[in-house]
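The values are calculated or read from the model by the stated rules, or taken from the named source; none is laboratory data. Source: prediction; values computed, not measured. When we count neighbours, we look across all protein chains shown, and the Cβ atoms used for this are built from the backbone with ideal geometry, even at glycine.
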Amino acid sequence: MFDGHISTIANLKSPKELRLQLAERARELRLTRNMRQSDLAERSGVTLASIRRFEKEGEISLKNLMLIAIALNRAQDVEQVFRLNEDIDLFKPEPRKRQRARK
């Protein structure tokens, strides 16, 4: 498991760097909406302590991250995580949807 210091090959950022970057973007978005942390806590249903920890350390549960995204009107961003980007090819046969991983 990642300990926060190992860079991933795909994006060359550690999980900790990614978490802190995400937290900073959420903080900036909150501020552009002229919201205090307490306003976001009330609007999202996430505790003030959790919001403070998220903005300072990048630590938050997935559930609370989704609640914050909804409160900031950014639920569409969450919907894009892990979405497959498929190239459109009119002559390519339709692939079958995978049911399980290969052995």
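Could you check the chain for helices (runs of 4 or more DSSP H) lying wholly inside it with 2 or more residues that are modelled with pLDDT of 95 or more?
15-32, 37-44, 48-57, 62-71
Across segment 35-56, the qualifying residues are those that are within 18 Å of the chain's Cα centre (by Cα) and small (Gly, Ala, Ser), and the one among them that is farthest from ALA23 (Cα to Cα) is GLY45. Residues that are touching a helix residue (DSSP H, G or I) at 6+ places or on another chain (Cβ under 6 Å), of a type in the set (A, V, I, L, M) and farther than 22 Å from VAL81 by Cβ within segment 22-68 comprise ALA41, LEU48, listed in sequence order. Just one of the listed residues (ILE70, ILE51) is β-branched (Val, Ile, Thr), touching a residue at least 12 places away in the same chain (Cβ under 8 Å) and farther than 27 Å from SER14 by Cβ, and it is ILE70.
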